[in-house]
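Comments concern the structure below.
The values are calculated or read from the model by the stated rules, or taken from the named source; none is laboratory data. In this text the structure is predicted, and so the values were computed from the model without any measurement. Here the Cβ is made from the backbone with ideal geometry for all residues, glycine too, and neighbour counts use every protein chain on show.
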Amino acid sequence: MLPTYNFSEVKNLVRSFNLDETVILTELIEEEIDRYAWYESKAIFKIILLHRKAISQNEVHFEYLLAYN
């Protein structure tokens, strides 16, 4: 059986998601982990992790800039 989203779809979706949506996507991927190749699932989780990290850093920078205004 095929996963709900293939690797390239997940890769494109992650870029447009916020933190809450990435949590939902992570849960979906975890439920369907056996439908992905091991290297695809590892890459998907890494992409999601890096995206979350970037969002968090942007929020910290935004808060820092707001503190000076």
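For this structure, a couple of remarks:
- The residues in the stretch 15-69 that are within 26 Å of M1 (Cβ to Cβ), loosely packed, with under 13 Cβ neighbours inside 10 Å and aromatic (F, W, Y) can be counted, and the count is 2.
Matching residues to (1) at pLDDT below 90; (2) over 9 Å from the mean Cα position of the chain (by Cα):
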position: P3; (1), (2): yes, yes
position: F7; (1), (2): no, yes
position: T26; (1), (2): no, no
position: I33; (1), (2): no, yes
position: W38; (1), (2): no, yes
position: S41; (1), (2): no, yes
position: L49; (1), (2): no, no
position: L66; (1), (2): yes, yes
position: N69; (1), (2): yes, yes
